[in-house]
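Take a look at the structure below.
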Amino acid sequence: MKILFITQVFYPDTVATGQVLSDVADFLTSNGHEVDAITSRYSYEDKEVVYLKNEIKNGVNIKRINHSKMGKANSFYRLVDFFTFNFTIFIKLLFIKRKGYDAIIGTTVPPFLALIGVWISKLKNIPFYYYVMDLQPELSIASGMLKPNSMASKLFTMIGNYSIRHSKKLISLDKYMTEYLIKRGANSKETYTIPIWPLFESRHIGNRLDNPFRVQNDFGNRIVVMYSGNHAYVHPLDTLLEAALKLKDNKDFLFVFVGGGVRKKDVSEFKMKHGLVNILQIPFQSREYFHISLDASDIQVVILGDELVGYTHPNKIYGALFAAKPILYIGPEESHVADILKELDGNMLLQHKQTDKLIAYLVAFSNLDKSVWEEIGNRNADFAQIQFSPIYLKNKLLNSLENRNKL
């Protein structure tokens, strides 16, 4: 097959969606397919970082386009960047050959790129496959950025429904998302539920206190509660921050936030407002170093906003599992993450605003022998190796794209 990826984020961008799509593209080329990708020239997090205009990586022919780079300082800037990227890629796609590809694969970054993919698929007679990472306007409504009955919400819902119904295939990340897509008009026979795999190949093994990331950042022997990844509106950090505030005089705990995003400044402002020395902020880590940073934690945090089940998917769960760490989940009781953790003893599940319950969990955890921490983490890793093996999930995705029997 000859396949074209369209996406704002792709190699070498650190955003998880870009890394996943790059993995898929690499896997396709390693299985004999010809793959092109059209993407942005600018880093999603830092628009001052500019990538090569053209590059071949692992056989994938990457073409990067220019567009506005106002950044993520506010919603208006983000919208301008999204619009100019969509407009520019639309113009570029107008010049691809009719039937020049066997499939176009597009995702949800930026919003409504799938609409362009569907239009081009009809114009050029090329099937469009929709790799659904999250859904709009549901996320914006749940995050308070849009009013449910506003004209914008109704328009965006119409666009989303059109894109879903006119996609030849859809890749969903969990059963809740699949059920929701089908309700919105997706073809159930061509909707495939395939979770994301962890974005690192190896696990760091070594003495807890000798971990290079722990040593470099002076974690010491404190219990490190780590949130690693995108600080987004859909993953509210308030309960975790309130716990850090209430435990500010407890020298046993350190709350570490690794990554960036629109809510990174909220963490910074909360830390400054309350003078918290038990909060540490660290930038995104390179993929090559990612597993070492995860291993430096004692508890990995996974967060999902209320009323967002089926609309988005916190893929942090897979890295936390494979890193063999106990997991603290803050979010809805009925969700993909909760379904996983309910099968694994020793992890911590609670809902938003249950700050006192969180503190009780953490204090109880601190009183456990460290061998118990290891037992919990090893159970998580063993489960992940069986249920979320990268090679199994990649082959499952390959089968769905190649029209083999649905798994």
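Looking at the chain as a GNM with Cα springs under 10 Å, which of P283, P111, P332 has the largest mean-square fluctuation?
In the Gaussian network model the winner is P283.
Compute the relative contact order of region 43-162 as a whole-number percentage, counting only Cα pairs closer than 8 Å that sit 6 or more residues apart in sequence.
16
My understanding is that a pair violates if its Cα-Cα distance is over 23 Å; which of K273/K316; K248/K342; K47/K353; K122/K169 do that in this structure?
Correct reply: K273/K316; K248/K342; K47/K353.
Just for the chain, what percent of DSSP beta bridges are antiparallel, to the closest 5?
Antiparallel bridges: around 10 percent, rounded to the nearest 5.
Using a cut-off of 9 Å between beta-carbons, work out the net charge of the residues near H33 (Lys and Arg +1, Asp and Glu -1, H33 not included).
It works out to a net charge of -2.
So which GluC sites (Glu not before Pro) in region 252-355 are both in a DSSP loop and have at most 16 other Cβ atoms within 10 Å of their Cβ?
E307, E333, E334, E343
As an exercise, identify the chymotrypsin sites (Phe, Trp or Tyr not before Pro) in region 293-375 lying in DSSP coil whose Cβ has no more than 16 other Cβ atoms within 10 Å.
On the way: sites: Y311, Y318, F322, Y329, Y361, F365, W373; in loops: Y311.
Loop-located and lightly packed - none at all.
Please compute, for the alpha-carbon atoms of the chain, the extent along each of the three principal axes and give them in descending order in Å.
Principal-axis extents of the chain (Cα, largest first): 64, 42, 41 Å.
Compute the length gained on full extension between K97 and N221: take 0.36 nm times their separation in residues and subtract their Cα-Cα distance, giving the result in nm to one decimal.
Contour length minus the Cα-Cα distance gives 38.7 nm.
Using a probe of 1.4 angstrom, how much of the accessible area of region 222-374 is carbon and sulfur, in percent?
Whole-percent figure for carbon plus sulfur exposure: 50.
Take the residue pairs K147/K396; K72/K97; K53/K325; K63/K99 and return only those whose Cα atoms are more than 29 Å apart.
On the way: K147/K396 38 Å; K72/K97 34 Å; K53/K325 39 Å; K63/K99 19 Å.
Beyond 29 Å: K147/K396; K72/K97; K53/K325.
Provide the three semi-axes, in whole Å and in decreasing order, of the ellipsoid equivalent to region 77-192 as defined by the square roots of 5 times the Cα gyration tensor eigenvalues.
23, 19, 11
Which FRET efficiency value, to the nearest 0.05, is calculated for E374 and K251 with the Förster distance at 30 angstrom and r the Cβ-Cβ distance?
About 0.85, to the nearest 0.05.
Given the options I62, I91, I38, state which has the largest fluctuation in a GNM of the chain using a 10 Å cut-off (strictly under) for Cα springs.
Evaluated over the chain, the most mobile residue of the options is I91.
Beyond 16 Å, what share of the Cα-Cα pairs of region 204-269 remains, rounded to the nearest whole percent?
For region 204-269, the share of Cα pairs beyond 16 Å comes to 52 percent.
Given a cut-off of under 8 Å on Cα pairs at least six residues apart, what relative contact order in percent is computed for the chain?
Computed value for the chain: 13 percent relative contact order.
Subtracting the Cα-Cα distance from 0.36 nm times the residue separation, let me have the gained length for M158 to E179 in nm, one decimal.
Value of the extension gain: 5.7 nm.
Helix-only estimate, please: 222 nm mean residue ellipticity of the chain, summing -39500 (n - 2.57) across DSSP H runs of length 4 or more and dividing by its residues, to the nearest 500.
-12000 deg cm²/dmol
Give the share of C-alpha pairs in each 5 angstrom bin for region 273-392, from 0 to the last occupied bin, in whole percents, shortest bins first.
Answer for region 273-392: a P(r) of 2, 10, 19, 22, 22, 17, 7, 2, 0, 0 percent.
Tell me, how many Å apart are the Cα centres for region 75-146 and for region 350-407?
31
Top mean-square fluctuation among A152, A296, A114, Gaussian network model of the chain, C-alpha springs under 10 Å?
Taking springs between Cα atoms under 10 Å, the residue moving most is A152.
Compute the signed sum of charges (Lys and Arg +1, Asp and Glu -1) over the other residues within less than 14 Å, Cβ to Cβ, of F156. Don't jump to the answer; show the numbers that get you there.
On the way: positive: K147, K154, R184; negative: D134, E138.
Local net charge: +1.
Just the projected area, averaged over all directions, of the convex hull on the alpha carbon atoms of region 154-279: how many nm²? It would help to have the intermediate numbers written out before the result.
Details: hull surface 45.4 nm².
Computing the convex hull of the Cα atoms and averaging its projections yields 11.4 nm².
Give me the net charge for the shell around P12: Cβ to Cβ below 13 angstrom, other residues only, Lys and Arg +1, Asp and Glu -1.
Values: positive: R41, K57, R64, R287; negative: D13, D23, D26, E45, D46, E55, E288.
Charge balance in the 13 Å sphere: -3.
The values are calculated or read from the model by the stated rules, or taken from the named source; none is laboratory data. Bear in mind that the values here come from a model prediction, so they are computed numbers and not experimental data. Heads up, the Cβs are rebuilt from the backbone with ideal geometry, glycines too, and the neighbour counts pull from every protein chain shown. All accessible areas refer to the heavy atoms of the entire protein, side chains included, with ligands and DNA or RNA removed. Shrake-Rupley method; radii C 1.70, N 1.55, O 1.52, S 1.80 Å.
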